[in-house]
Amino acid sequence: MRVILKQDVKKVGKRGDIVDVADGYARNFLIARGLAVAETKKSLEILSGQKAEEAAAEAKREEEARETAAKLEKMLLTFHVKSGKEGRVFGSVSTKQIAEALSKQGITIDKRKILDTSPIQSLGVTKVRVELHKNVIGTIRVQLVGSE
């Protein structure tokens, strides 16, 4: 029996896939639990409509990510850190601190989306990459200013 999956099912397929499974498995497990629907003309029309909506939403998210990346390019985050002679920094600036500084600027980014995960331990300007979308990577300039 051919069914359209409404959710990801382990070892069967992902949401939106049309799969061929045993009749009993389809009726007694997948359809009974609301994980799938039988493949019909009407269900195929609904599936194509849902895929079109998902594609439009994905394009909108990507466009928003590009706009955010443009904002980040212009931004310079400044952190004041303690430093000794010769510019040695005591401590460092982590991804969490960068994410918090961005949220104060009005841009919400998850700290796990910051690609350069090593803490910044040198004075001056450092470029940090951020994954805003799977196709969009922005760059933030982070400046460490020392104070004795």
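Using only Cα atoms and rounding to the nearest 10 degrees, what angle (0 to 90) does helix 95-104 make with the longest principal axis of the chain?
90
Could you pull out every residue, at least 5 positions away or on a different chain, whose amide H is within less than 5 Å of the one on residue 143? Hs are placed 1.01 Å off N in the peptide plane, and Pro or chain starts have none.
Excluding prolines and chain starts, which carry no amide H, the hits are 77, 78, 79, 126.
What is the mean projected area of the alpha carbon convex hull for the chain, to one decimal in square nanometres?
Mean orientational projected area (the chain, Cα hull): 11.9 nm².
Nearest 500 deg cm²/dmol is fine: what mean residue ellipticity at 222 nm does the chain get from its DSSP H runs of n ≥ 4 alone, each adding -39,500 (n - 2.57), divided by its residue count?
That calculation yields -10500 deg cm²/dmol at 222 nm.
Taking H placed 1.01 Å from N in the peptide plane, check which residues at least 5 places from residue 116 or on another chain put their amide H under 5 Å from its amide H.
Under 5 Å from the amide H of residue 116: 129.
Given Cα pairs under 8 Å that are at least 6 residues apart, what percent is the relative contact order of the chain?
Result for the chain is 21 percent.
Looking at this model, which pairs from 113/134; 60/104; 6/111; 11/134; 14/51 are more than 21 angstrom apart at the alpha-carbon?
Listed pairs above 21 Å: 60/104; 6/111; 11/134.
Nearest-5 percent of antiparallel DSSP beta bridges in the chain?
Close to 75 percent.
What shape does the range 28-98 take by its C-alpha gyration tensor, where a ≥ b ≥ c are the square roots of the eigenvalues and a/c under 1.5 counts as rounded, a/b above b/c as prolate, and the rest as oblate?
In terms of gyration-tensor shape, oblate.
Which is farthest toward the positive dipole end of the chain among 109, 50, 13, measuring Cα position about the Cα centre, with Cβ charges +1 (Lys, Arg) and -1 (Asp, Glu)?
Farthest towards the positive pole: 109.
Considering all alpha-carbon pairs of the range 64-147, what whole percent are spaced by more than 20 angstrom?
30
Bear in mind these aren't lab numbers, they're just calculated from the coordinates by the rules spelled out. These figures come from a predicted structure and were not determined experimentally. Cβ: placed from backbone, ideal geometry, glycine included. Neighbour counts: every protein chain shown.
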